[in-house]
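Below you'll find the structure, written out as structure tokens, and then a few comments.
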Amino acid sequence: MIVRAFTVCLLGLLSSITQAESRTLDWLDLVPQSQVNEVLAERNANYHDLANMTEQMIQEAKDRMNGLQISPQLVTELDQQQVRIPGYVVPLEFDDTQVIREFLLVPYFGACIHVPPPPANQIIYVRYPEGLEADELFDPFWIEGKLSIQGYESDLGMAGYSMTADEVSLYSY
């Protein structure tokens, strides 16, 4: 009886050790070191104040964005990793009860709605079978699941990464 109890406890312990804990990611973790400066420059660009941008500044921004869109590099070491990342939801479609089961996760509110969209290495295509209520879209979320470097393309943007979410929860500040 004692051997059996010990075996059950040992199996439980081994099971908990082998279950992968989620690695918390920052959006820059999805970008190879060679593109971090370009992504940061793009993220900090002020496209809403074009009147104060010179032609050279506008052209540099276009060139930078085109470079990021044409050759978005992915961090292949993250493939099949259990991760947790915060972001905003851009729904791909609603069902008839206004539940979202597929969406793009982006690093800032309004991404993919404004032009230009973030580069593909800053967008994650997410499938969430449980679904999110449409009225929760303005809040940031923590998304947890296994990340894949399998891409996805839609009219709203091209995702370099994808995942099926195991858990979705509101981001708390």
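Observations on the structure shown:
- Ranked by how many other beta carbons lie within 10 Å on average, peptides 93-101, 118-126, 160-168 from highest: 118-126, 160-168, 93-101
- Cβ-based net charge around Arg84, under 12 Å, with every Lys or Arg adding one and every Asp or Glu removing one: -4
- Two-site label geometry, Glu167 and Thr54: point separation in nm, points 7 Å out along Cα→Cβ: 5.1
- Environment charge at Leu156 (Cβ cut-off 12 Å; Lys +1, Arg +1, Asp -1, Glu -1): -4
Bear in mind these aren't lab numbers, they're just calculated from the coordinates by the rules spelled out. It should be emphasised that the depicted structure is a prediction, and the values quoted were computed from it without experimental measurement. Note: ideal-geometry Cβ built from the backbone for every residue, glycine included; neighbour counts use all protein chains shown.
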